[in-house]
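One structure is given below, encoded as structure tokens.
The values are calculated or read from the model by the stated rules, or taken from the named source; none is laboratory data. Predicted, not measured: the structure shown is a model, and the values here were computed from it. Using ideal geometry, Cβ is built from the backbone for each residue, glycine included, and neighbour counts are taken over all protein chains shown.
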There are 2 protein chains.
Amino acid sequence: MLSPAHLAVVAAALLLAVRPPLPALAARPIVVVPIVVAAAGKPAPTEAAATARWLAAQNTWGVLSNVVSYSDGVPGESHGIPYFYLTTLDPTARDALEDERTSFTLSEFPLGTCGKIDPENPTCAKLTLTGKLKLIDPQSSEADLAKAALFTKHPEMKGWPKNHHFQIFKLEIENIFLIDWFGGPKPISPTEYLEYGKNQALLKSS
Amino acid sequence: MLSPAHLAVVAAALLLAVRPPLPALAARPIVVVPIVVAAAGKPAPTEAAATARWLAAQNTWGVLSNVVSYSDGVPGESHGIPYFYLTTLDPTARDALEDERTSFTLSEFPLGTCGKIDPENPTCAKLTLTGKLKLIDPQSSEADLAKAALFTKHPEMKGWPKNHHFQIFKLEIENIFLIDWFGGPKPISPTEYLEYGKNQALLKSS
């Protein structure tokens with residue numbers, strides 16, 4: 001039987017097939033990257049990587065030493081890598097340039113899907129991605145992708161003051177800590193997390 | 001002119017005057033502690049301590065290396081000190097017992113009062129309390145206060161499994177980092193933050 005996560009991927013593939021290319025990505029050759037669209041319900045607790053990717057795709061903010069906005073892709077196209085738009089006027093970016101080690105924490109609670117369950121209850125999922133906060137070369141194609149991801153989910157960013165010198169950062173994920181059920185954190189490797197879409201795509205096409 | 005924060009305190013005083021004592025606190029001699037009831041709107045950006053206390057009073061969860069529930073008082077009686085109910089089955093409490101230095105971050109965004117403003121916009125307030133996570137003696141009167149604070153805001157905690165050995169912790173605040181407007185973080189001392197209610201009470205009675 002297909003799980004909700006599988007159904008979401010299938011539904012997304014159908015949607016993408018009829019959707020015109022996105023303006024921000026249309027100007028450069030489109031590299032077909034594995035994607036996960038987790039717009040449907042929360043994946044089952046047996047699917048740890050799917051749940052982690054769902055949390056990353058659905059949230060728009062988290063805690064990275066301070067509260068920051070992020071995006072892991074344009075709506076419906078989640079890559080799993082959190083991109084940030086930060087200014088060194090804020091200590092978060094200043095600290096990152098001095099010591100890039102950081103962790104980024106997301107909660108399911110603000111999504112509303114925990115219902116009446118307490119935010120600390122293990123079934124109300126929590127994800128902490130630990131790794132290095134890296135500055136992205138503004139001339140790179142990754143910067144284009146990150147900008148499209150950020151500006152679609154956070155439209156007001158486009159108008160943020162030029163003289164505040166906002167820069168694009170990404171979290172290079174080294175460790176993943178997910179709690180989404182009883183019995184302690186689930187072991188997910190960064191590869192498992194990042195390639196979750198790829199595996200699903202292979203599964204789908206097989 | 002009275003600010004919204006002052007009005008909230010006045011309104012709270014009126015409410016408290018007609019309210020019966022709380023069952024959890026009624027059994028022991030009631031020490032009248034300075035309180036802030038910030039149930040009304042967000043304080044003005046000129047009132048940094050009031051805003052920090054409002055964030056602490058209104059939220060029920062935040063990030064303390066992981067997502068945790070907390071309470072700074074029974075509903076309507078905020079003391080500003082975050083109390084936690086943690087088990088050493090979770091790394092947050094285990095880490096705290098090894099190294100008590102920590103920070104606790106809250107966002108205004110989940111309260112819904114940021115409206116369409118982006119979570120990273122400086123006018124959508126963020127509070128980081130840095131300090132030491134301390135285990136509370138379960139026999140102390142502070143433990144009674146903390147339990148009442150936690151169990152009223154997080155009713156399911158009362159039923160959490162006994163064999164998980166949940167313990168009460170508090171954050172001993174050493175440093176406060178508040179962003180609630182343009183122009184960088186606001187300097188607030190722990191005393192200013194913790195005694196905010198006291199000052200308001202003095203102001204009110206003068």
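Filtering the stretch A:90-117 to residues that are within 8 Å of chain B (Cβ to nearest Cβ), more than 18 Å from A:Asp72 (Cβ to Cβ), modelled with pLDDT of 90 or more and part of a helix (DSSP H, G or I) leaves only A:Phe109.
Flag set for A:Glu98, criterion: surrounded by fewer than 19 Cβ atoms within 10 Å (Cβ to Cβ) and more than 15 Å from the chain's Cα centre (by Cα).
Looking across B:Leu194, B:Leu135, B:Leu150, one residue alone is free of Cβ contacts under 8 Å to residues at least 40 places away in the same chain, closer than 22 Å to B:Glu100 by Cα and among the hydrophobic types (A, V, I, L, M, F, W, C). It is B:Leu135. Look at the stretch B:152-171 and say how many of its residues are within 12 Å of another protein chain (Cβ to nearest Cβ), touching a helix residue (DSSP H, G or I) at 6+ places or on another chain (Cβ under 8 Å) and either crowded, with 19+ Cβ neighbours inside 10 Å or not in a helix (DSSP H, G or I) (or both). Counting residues in the stretch B:152-171 that are within 12 Å of another protein chain (Cβ to nearest Cβ), touching a helix residue (DSSP H, G or I) at 6+ places or on another chain (Cβ under 8 Å) and either crowded, with 19+ Cβ neighbours inside 10 Å or not in a helix (DSSP H, G or I) (or both) gives 1. For B:Leu135, the stated conditions do not hold, so it cannot be described as more than 10 Å from chain A (Cβ to nearest Cβ) and within 16 Å of B:Asp180 (Cα to Cα). Just so you know, in the stretch B:39-81 the residues that are part of a loop (DSSP other than H, G, I, E, B) and within 14 Å of chain A (Cβ to nearest Cβ) include one that is surrounded by the most Cβ atoms within 10 Å (Cβ to Cβ), and it is B:Tyr70.
For (1) away from chain B (no Cβ under 13 Å); (2) under 17 Å from A:Ala49 (Cα atoms); (3) buried (at least 19 other Cβ atoms within 10 Å of the Cβ); (4) among the aliphatic types (A, V, I, L, M), each residue gets a yes or a no:
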| site | (1), (2), (3), (4) |
| --- | --- |
| A:Ala125 | no, yes, yes, yes |
| A:Thr130 | no, yes, no, no |
| A:Ala146 | yes, no, yes, yes |
| A:Ile173 | yes, yes, yes, yes |
| A:Gly197 | yes, yes, yes, no |
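The single condition among (1) surrounded by fewer than 17 Cβ atoms within 10 Å (Cβ to Cβ); (2) hydroxyl-bearing (Ser, Thr, Tyr); (3) without any contact (Cβ under 8 Å) to a residue 40 or more places away in the chain that B:Ser141 does not meet is (3). Filter the stretch A:126-151 for residues that are more than 15 Å from the chain's Cα centre (by Cα) and either in a helix (DSSP H, G or I) or within 24 Å of A:Thr113 (Cβ to Cβ) (or both) and give the result. Correct list: A:Ser141, A:Ala143, A:Asp144.
Being closer than 26 Å to B:Ser65 by Cβ and among the aromatic types (Phe, Trp, Tyr) is a description that does not apply to A:Phe151. Residues that are touching a strand residue (DSSP E or B) at 6+ places or on another chain (Cβ under 8 Å), closer than 26 Å to B:Ala49 by Cβ and β-branched (Val, Ile, Thr) are absent from the stretch B:88-101 altogether.
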